[in-house]
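Data first, discussion second: the structure below is written as structure tokens.
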Amino acid sequence: MTAGRDSAADKAKPASSQPSPTILPNSAQQPAASTPQRQALQPLKIAVFASGSGSNFQALVEAIREQAIPAELSLLVCDKPAARVVQRAEALGVPSFLFDPKAYASREAYEEEIVGRLREEGVELIVLAGYMRLITATLVEPYYGRMINIHPALLPSFPGVRAIRQALEYGVKQTGVTVHFVDGGMDSGPIIAQRTLEVRDDDTEDSLAERVHAVEHELLPQTVRWIAEGRVTLNDRKVTIRLGD
Ligand code: GRF
């Protein structure tokens, strides 16, 4: 799921009069006012937010390093210091920002600290990959158009938690994976990329999850590559990807 929604996050939905957010480092089109302009040949600085296993985090780090994606994983942000993703980050040499939400007076308080750290690191793109916390306007507003989420179903079907189980219990024959920009709603932001896969008659939640994850591990790096190469433009809900050169 996208980390979610609350009343503050709802306010973060951009008004249609705002400039079209875009991630186009080499383009004549200007990014949203809050987006720092990036030098053409510099790698896109990314922070991944995750709370659990971190298989997508690892797949993304490895793809960036092995497939010459013009990006750099600058930071893992994690609310669960004991999560497996933290060990993966250590093993891969990626710095972590770990925090205990209970140590803060409010969600906004820790998000402000996170935003400060992201700015220090010069992070240009946030990837939510299994970050299991609600997020508010404190994060969504400054990063609208520069924050993406991976969801294990074909949105707008099966938003929220346990999407793989939801799809299985509903009885769909096809499910898939969605990567989308994050807005103030629950898995409701503009869709960047989707890939489908068949649900088999004998699938269990585990067997289906295994194939969904395999698709995620390809689609997330692919989407990050498109963004890092400046191919992705966002206009209202419509995302276009310039391919072929
Ligand atoms: C993935 O299925 C992703 O779609 C969802 O959370 C899960 C994270 O898995 N948002 P992992 O921690 O990357 O293995």
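Observations
- Check on residue 163, touching a residue at least 60 places away in the same chain (Cβ under 8 Å) and of a type outside the set (D, E, K, R): yes
- Taken as a whole, the condition of being among the basic types (Lys, Arg) and in contact with a strand residue (DSSP E or B) (Cβ under 7 Å, 6 or more places away or on another chain) does not apply to residue 162.
- Looking only at segment 134-157, and only at residues there that are of a type outside the set (A, V, I, L, M, F, W, C) and within 12 Å of the ligand (Cβ to nearest atom), the one that is surrounded by the most Cβ atoms within 10 Å (Cβ to Cβ): 149
- Count of segment 181-198 residues which are surrounded by fewer than 19 Cβ atoms within 10 Å (Cβ to Cβ) and in contact (Cβ under 8 Å) with a residue 24 or more places away in the chain: 10
- Looking only at residues of segment 166-180 that are in contact with a Leu (Cβ under 9 Å, 6 or more places away or on another chain) and not in a strand (DSSP E or B), we find that the one that is surrounded by the fewest Cβ atoms within 10 Å (Cβ to Cβ) is 172.
- Residue satisfying all of: in segment 42-63; hydroxyl-bearing (Ser, Thr, Tyr) and either crowded, with 24+ Cβ neighbours inside 10 Å or in a loop (DSSP other than H, G, I, E, B) (or both); nearest to the ligand (Cβ to nearest atom) among these: 53
- Check on residue 111, more than 28 Å from residue 212 (Cβ to Cβ) and under 19 Å from the mean Cα position of the chain (by Cα): yes
- Any hit, segment 9-16, residues being at pLDDT below 95, away from the ligand (no atom under 16 Å from the Cβ), of a type outside the set (Lys, Arg) and part of a helix (DSSP H, G or I): yes
- Criterion: touching an Asp or Glu at 6+ places or on another chain (Cβ under 7 Å), assigned to a loop (DSSP other than H, G, I, E, B) and either away from the ligand (no atom under 15 Å from the Cβ) or modelled with pLDDT of 95 or more (or both) - qualifying residue of 230, 160: 160
The values are calculated or read from the model by the stated rules, or taken from the named source; none is laboratory data. The model shown is predicted, which means the values in this text are computed figures rather than measured ones. All Cβ positions, even for glycine, are placed from backbone atoms using ideal geometry, and neighbour counts span all protein chains on display.
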